[in-house]
Amino acid sequence: MGTSNPYGGPGGDNPLIPSWLGSDGDGAPPDGTPPESGQPPGDAPVPPPSPPPQPPPFPERFRTPRNNFTRFASSSGSDRASLGRAVSGYVSRASGGARQAAQRMGSSRGAGARLLGFLADAQARGAREALRALNLEHLAGRPIDEIFVGLVDYVCPDGGTIDEGISREAFVETIVDLATLGITDLDALTADQMQTVFELFATHAIEARLFNDIGTKAITLPRDAHTASRVQAQLRDFIARGVSDALTAAKMVLSALTPDRVLGFVGSVYEEAFRMLEIMGEVEAGI
């Protein structure tokens, strides 16, 4: 929602996981791999492994979640059972399960990893050194929202695709939320605040993904802007609870992340968040 530009949602014949999705979850095609250790000099590099075959999409797989989300929006947010059916159906059937739903986050996985990596570096070496590594030392000492504005192109490179637009929108909305939560000083960032920043980003990214897939037309159904805002707030709160639950068990891991583990950590959080959302949706719907 927020600043996203609706495009009508994907068709049912699109693959569950985009074929262009790189193994790093960053939305970029995978690069060729270097020769394996011990390979004789002069031999050609080993080609990257073929991606695993994706399950064939079934026709109009988004129809049922869309219909349920439309009922929820048409009820001005009172039909919580339809919200639950929309979210659980989106994860379990339209996406093919929590793991596939997480893999479809594409650019948001890479952006989340870059965001967490930067925050971890700022905590370990200080904000000035973390910014110096990105040639952004001139931002040292500025309020955190100004620093994050300067980080937009690093965290979320703008490639023009819908997937990249989702991650960029999620980061911009995260910046807007920082002042509201009293997170203003990068040099004084605590481990709890670091978790909160990532939780905000992941929540906004999942919300934008769901909205673009199943909710692009439904938001026009409430009677007025206030009601539409309430519908959006309920969806966001629902997703935020799932992300928060996914991060609770990972809190100790978060404080000890190393650069080589960040991307895998982010992917696992998205997967667990979608698993929690499927369960929460089933409970809400009484399934």
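Annotations for the structure displayed:
- If you filter region 183-193 down to residues that are surrounded by 18 or more Cβ atoms within 10 Å (Cβ to Cβ) and touching a residue at least 60 places away in the same chain (Cβ under 8 Å), you find that the one that is nearest to Val149 (Cα to Cα) is Leu186.
- Some residue of region 137-145 being under 17 Å from Glu271 (Cβ atoms), touching a residue at least 24 places away in the same chain (Cβ under 8 Å) and assigned to a helix (DSSP H, G or I): no
- Yes/no for Thr174 being among the polar types (S, T, N, Q), over 20 Å from Ala256 (Cα atoms) and touching a Lys or Arg at 6+ places or on another chain (Cβ under 8 Å): no
- If only residues of region 99-114 that are part of a helix (DSSP H, G or I) and either free of Cβ contacts under 8 Å to residues at least 12 places away in the same chain or touching a Leu at 6+ places or on another chain (Cβ under 8 Å) (or both) are counted, the one that is surrounded by the fewest Cβ atoms within 10 Å (Cβ to Cβ) is Gln100.
- Here Asp185 passes the criteria (1) at pLDDT 90 or above; (2) within 15 Å of the chain's Cα centre (by Cα) except the one numbered (2).
- Members of region 146-182 found to be aliphatic (A, V, I, L, M), under 11 Å from Ala208 (Cβ atoms) and either touching a helix residue (DSSP H, G or I) at 6+ places or on another chain (Cβ under 6 Å) or free of Cβ contacts under 8 Å to residues at least 12 places away in the same chain (or both), listed by number: Ile166, Ala170
- Looking at Thr196, Thr180, Thr203, just one residue is among the hydroxyl-bearing types (Ser, Thr, Tyr), at negative phi and surrounded by fewer than 16 Cβ atoms within 10 Å (Cβ to Cβ), and that residue is Thr180.
The values are calculated or read from the model by the stated rules, or taken from the named source; none is laboratory data. All values derive from a computational prediction rather than experimental measurement. So basically every Cβ, Gly included, is an ideal-geometry build from the backbone, and we count neighbours across all protein chains shown.
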